[in-house]
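Let me begin by presenting the structure, written as structure tokens, before commenting on it.
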Amino acid sequence: MMKRWLVYTIGAVMATSVVAQQTTPAVNGPVAPAASSLTNKQLKKVLDLSVDWPQLSRYREEDAALPPPAKGEKRVVFLGDSITDSWGRQHGKFFPGKPYVNRGISGQTTPQMLVRFQQDVLALHPAVVVVLAGTNDLAENTGPEPMSAIEDNFRSMVMLAKANHVRVVLSSVLPATHFGWHPGMNPAEKIKELNAWLKNFCVEQKITFLNYYPAMVNADGGLKVELSIDGAVHPNDEGYTVMEPLAEHAIAEAMAK
């Protein structure tokens with residue numbers, strides 16, 4: 001996941017030439033480091049986010065180059081954060097031979113995904129969109145959010161998809177007891193709360209709920225160690241092997257609706 005303090009450092013980096021001697025406090029979290037402590041790569045990411053907060057540039061050229069679905073092709077777009085971004089790129093296999101498109105971006109929250117929903121989902125003319133989001137909202141990557149705001153972002157994405165005749169699959173948030181990039185948070189209960197809302201919302205909207213949670217959770221409410229690369233939130237090869245058939249089943253269910 002994108003380190004949370006990068007977001008909080010943006011204002012400091014852009015505001016003054018003497019930012020190297022300043023720190024920006026993060027709400028309910030650690031103090032953000034001075035700009036002088038950032039690597040060139042980290043500083044570039046900070047500056048990039050300051051001019052392209054939703055990161056529309058990440059897939060802009062790929063989206064433009066992707067041809068429309070062939071006749072009879074049922075394209076599926078996966079929209080998400082690092083758990084989607086890493087799927088088939090760093091760990092696991094991303095549905096070989098299937099017309100599935102990965103549009104995950106590490107560290108993203110639901111408001112960022114909502115902004116890029118038109119470009120990275122609707123413009124690709126999918127039959128189905130699979131949304132996996134919420135981890136970084138609960139980690140406050142783009143600042144504190146009430147649960148109602150997270151829910152509203154999901155509502156808006158579903159409304160946009162339905163208005164464009166795209167079937168929707170909403171995924172459960174994967175289990176976690178802590179966030180390595182934001183120590184001190186205890187997200188397990190909030191994840192359960194958000195997942196319960198997502199499940200009920202899917203029933204209300206007559207859309208498909210993709211529930212990864214039961215297959216991935218350990219006795220403490222965290223991600224099973226044997227399915228993760230970090231013991232926190234990120235699946236390893238085995239984790240994606242568990243997730244793949246669950247996703248395929250949900251996609252088939254959505255197609256049938």
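Every number here is computed from the coordinates shown, using simple stated rules; none is lab data. Bear in mind the structure is a predicted one, so any value in this text is a computation, not a measurement. Neighbour counts are summed over all protein chains in view; Cβ atoms, including those assigned to glycine, are modelled from backbone coordinates with ideal geometry.
Applying the Karplus parametrisation 6.51 cos²θ - 1.76 cosθ + 1.60 with θ = phi - 60° to the phi angles of the range 234-249, what ³J(HN,Hα) value in whole Hz is obtained for each residue in order, glycine and proline being reported as x?
Calculated HN-Hα couplings, in order: 9, x, 9, 4, 5, x, 5, 5, 5, 6, 4, x, 5, 5, 4, 5 Hz.
Considering only the other residues whose Cβ falls under 13 Å of the Cβ of Ala254, what net charge follows from Lys and Arg at +1 and Asp and Glu at -1?
Residues near Ala254 contribute +4 overall.
What residues qualify as long-range amide H neighbours of Ala176, i.e. H under 5 Å apart, gap of 5 or more or another chain, H built at 1.01 Å from N?
Hits under the 5 Å cutoff: Leu223.
On full extension of the chain, what length is gained from Leu43 through Lys206, given 0.36 nm per residue of separation minus the C-alpha to C-alpha distance?
54.3 nm
Pop the C-beta distance of Val51 and Ala123 into the FRET formula with R0 = 25 Å and round what comes out to the nearest 0.05.
Efficiency at R0 = 25 Å is approximately 0.70.
Using a Förster distance of 22 Å, how high is the FRET efficiency between Trp197 and Arg60, based on the Cβ-Cβ distance and rounded to 0.05?
0.10
Expressed in nm to one decimal, what extension gain is obtained for the pair Lys98 and Met255 from 0.36 nm per residue of sequence separation less their Cα-Cα distance?
So the extension gain works out to 55.1 nm.
Which value in nm describes the separation of the simple spin-label points at Val225 and Lys74, placed 7 Å from the Cα toward the beta carbon?
Label-label distance for Val225 and Lys74, simple model: 4.0 nm.
In what order do Phe78, Phe117, Phe209 fall by count of nearby beta-carbon atoms within 10 Å, going from fewest to most?
With the fewest neighbours first, Phe78, Phe117, Phe209 line up as Phe209, Phe117, Phe78.
Taking H placed 1.01 Å from N in the peptide plane, check which residues at least 5 places from Met185 or on another chain put their amide H under 5 Å from its amide H.
Residues meeting the criterion, in which the H sits 1.01 Å from N, are Phe179.
So how do Ser57, Ser228, Ser50 line up by other beta-carbon neighbours within 10 Å, fewest first?
Taking fewest neighbouring Cβ atoms as first place, the list is Ser57, Ser50, Ser228.
If amide H atoms are built 1.01 Å from N in the plane of the peptide, which residues on other chains or at least 5 residues away come under 5 Å of the amide H of Gly134?
Under 5 Å from the amide H of Gly134: Thr110.
Short version: ³J(HN,Hα) in whole Hz for each residue of the range 149-163, in order, from phi by Karplus 6.51 cos²θ - 1.76 cosθ + 1.60 (θ = phi - 60°), x for Gly and Pro, what are they?
Coupling constants for the range 149-163: 6, 4, 4, 4, 5, 5, 4, 5, 5, 5, 4, 4, 4, 4, 5 Hz.
Karplus couplings for the range 102-117 from phi (6.51 cos²θ - 1.76 cosθ + 1.60, θ = phi - 60°), rounded to Hz, Gly and Pro as x?
So the J values, rounded to whole Hz, are 8, 10, x, 9, 4, x, 6, 10, 4, x, 5, 5, 4, 5, 9, 4.
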